[in-house]
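In what follows, a structure is listed as structure tokens, so that the remarks can point back to it.
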Amino acid sequence: MSKVAIIGAGQGGTSLLEIFHKDPLVQIIGISDIDKNAPGIRLARKLRIPVTKDYKRLLKSKEADLVVDVTGNPLIEEALQAARRPGMSIIGGHSAKFMWQLIDERIRSKEKIEKHLLEYQSLYRLYVKEVELAIAKERTRIAYDIHDGLVQTLAGLNYHIEYCIDQIEKDPKSAAGAIQKTQKLLKEAIAEAREVVFNLRPIYLDRSGLYIALSKYMKTYQKQYKIKTHLKTSGSESVILPEAKVFIFRIILEALANVQKHAEATEVTVKVITKKGVLTAAIIDNGAGFKAKKNKKDKQTSFGLEAISERARLLGGEATIKSHLGLGTTVSIEIPLPEAAV
């Protein structure tokens, strides 16, 4: 085991103490400084390391294998050279300064790493919590879509089938009309089922990319809901991470679903732009305006807007919603892109 004596308890001596006292192969036999309130002296007392004002006492003990002088005092350096004995090494002057600065930098780097690790751990825990919350909300939204859409349609379909069976013998003409209505309901049920499945995993997004997937979806949306659609894109979608594309796609679908269910709009425009490390998207409708349709009891409406904000936040971005009575609604998102894409 090496026995070390430190002369000087300022920044250099303190750094040496912090690193040496943790080393099982090193024993600090003492530290000296004329200032009894020097940071190294205070630290040594906490670590129960002997302290002294007179550095010569450390030399007289003849225990030290290594003496490190970080004072930079030429008189002390001369005294150390005069007291040198066989088996004792002395480090002072520029060598000692370089040594403690290197150690100090190592300590600071370690502290920074530990600090960043704690920050990342906190952020990761928060992210996991948010993702779990987002998943729970997503499941709730899907449950709403299925219960209030597909299930209701299927229930109506079942009722119409029962009515048709009852009317086939009693009133064939009435039964024929009921069958036509049932057929229409069946088509609606198929369309709603396809929409639920599509929202769970957009097939076009995997095969063709975000822009083409949006284009195909909006054509189907226009045909099904009789709302005229426009898609305007600018910039390359290659700068968008695949995971982010799914989130962005679903944000736009959520906004379009709100337009169809609540806006009473006849036209909607979707704009997606990638530029200077940022993706911006806007869904603009010419409907009645959010204020005209706002209802605290309407959980689907508020949930849809919450889902948009939540997804944008999980991507490190934000969503804004602006609406004016009689002038429609605009849902906007801004998402940062990876640094490599800037």
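The values are calculated or read from the model by the stated rules, or taken from the named source; none is laboratory data. This structure is a prediction, so every number in the text was calculated from the model and none was measured. All Cβ positions, even for glycine, are placed from backbone atoms using ideal geometry, and neighbour counts span all protein chains on display.
Kindly provide the set of residues from the stretch 127-148 that are surrounded by 15 or more Cβ atoms within 10 Å (Cβ to Cβ) and either assigned by TED's automatic domain parsing to the domain that holds residue 309 or modelled with pLDDT of 70 or more (or both), ordered by number.
Across the stretch 127-148, the qualifying residue is only 146.
Across the stretch 250-265, what is the total count of residues that are more than 18 Å from residue 306 (Cβ to Cβ), out of contact with any Asp or Glu (no Cβ under 6 Å at 6 or more places or on another chain) and in contact (Cβ under 8 Å) with a residue 40 or more places away in the chain?
Matching residues across the stretch 250-265 total 0.
It is to be established whether one or more residues within the stretch 78-89 are among the basic types (Lys, Arg), in contact with an Asp or Glu (Cβ under 9 Å, 6 or more places away or on another chain) and not in a helix (DSSP H, G or I).
Within the stretch 78-89 (the criterion being among the basic types (Lys, Arg), in contact with an Asp or Glu (Cβ under 9 Å, 6 or more places away or on another chain) and not in a helix (DSSP H, G or I)), the answer is no, since none of the residues qualifies.
Output yes when any residue across the stretch 185-201 is of a type in the set (Val, Ile, Thr), at pLDDT below 90 and under 33 Å from the mean Cα position of the chain (by Cα), and no when none is. Walk me through how you get there before you give the answer.
Going through the stretch 185-201, the residues of a type in the set (Val, Ile, Thr) turn out to be 190, 196-197.
When the remaining residues are screened for being at pLDDT below 90, the result is 190, 196-197.
If we keep only those that are under 33 Å from the mean Cα position of the chain (by Cα) too, we end up with 196-197.
Yes, the stretch 185-201 has at least one match.
Within the stretch 6-20, is even one residue surrounded by fewer than 23 Cβ atoms within 10 Å (Cβ to Cβ), at pLDDT below 90 and within 16 Å of residue 58 (Cβ to Cβ)? Talk me through it step by step, then tell me what you get.
From the stretch 6-20, those surrounded by fewer than 23 Cβ atoms within 10 Å (Cβ to Cβ) are 10-11, 18-20; that's our starting set.
Within this subset, residues satisfying the condition of being at pLDDT below 90 are 10-11, 18-20.
If we keep only those that are within 16 Å of residue 58 (Cβ to Cβ) too, we end up with 20.
Checked against the condition, which is being surrounded by fewer than 23 Cβ atoms within 10 Å (Cβ to Cβ), at pLDDT below 90 and within 16 Å of residue 58 (Cβ to Cβ), the stretch 6-20 yields at least one hit.
Can you tell me which residue within the stretch 21-33, out of those that are assigned to a loop (DSSP other than H, G, I, E, B) and surrounded by 13 or more Cβ atoms within 10 Å (Cβ to Cβ), is farthest from the chain's Cα centre (by Cα)? So that I can check it myself, show each step before the final result.
Let us first name the residues in the stretch 21-33 that are assigned to a loop (DSSP other than H, G, I, E, B), namely 21-25, 33.
Add one more test, that the residue is surrounded by 13 or more Cβ atoms within 10 Å (Cβ to Cβ), and what stays is 21, 33.
Details: 21: 39, 33: 49 Å.
Here the residue is 33.
Of all residues in the stretch 221-244, count the ones that are touching a helix residue (DSSP H, G or I) at 6+ places or on another chain (Cβ under 6 Å), in contact (Cβ under 8 Å) with a residue 40 or more places away in the chain and in a helix (DSSP H, G or I).
1
Name every residue in the stretch 1-29 that is under 24 Å from residue 75 (Cβ atoms) and in contact with a Phe, Trp or Tyr (Cβ under 9 Å, 6 or more places away or on another chain), in order of residue number.
4, 5, 6, 7, 8, 11, 12, 13, 14, 15, 16, 28
Specify the residue that is nearest to residue 48 (Cα to Cα); the eligible residues are those in the stretch 7-22 that are without any contact (Cβ under 8 Å) to a residue 60 or more places away in the chain and touching a helix residue (DSSP H, G or I) at 6+ places or on another chain (Cβ under 6 Å).
Step by step, filter the stretch 7-22, then rank; the result is 17.
List pairs: first in the stretch 62-77 and among the β-branched types (Val, Ile, Thr), second surrounded by fewer than 16 Cβ atoms within 10 Å (Cβ to Cβ), Cβ under 8 Å, 6+ apart or cross-chain?
67/89; 70/97
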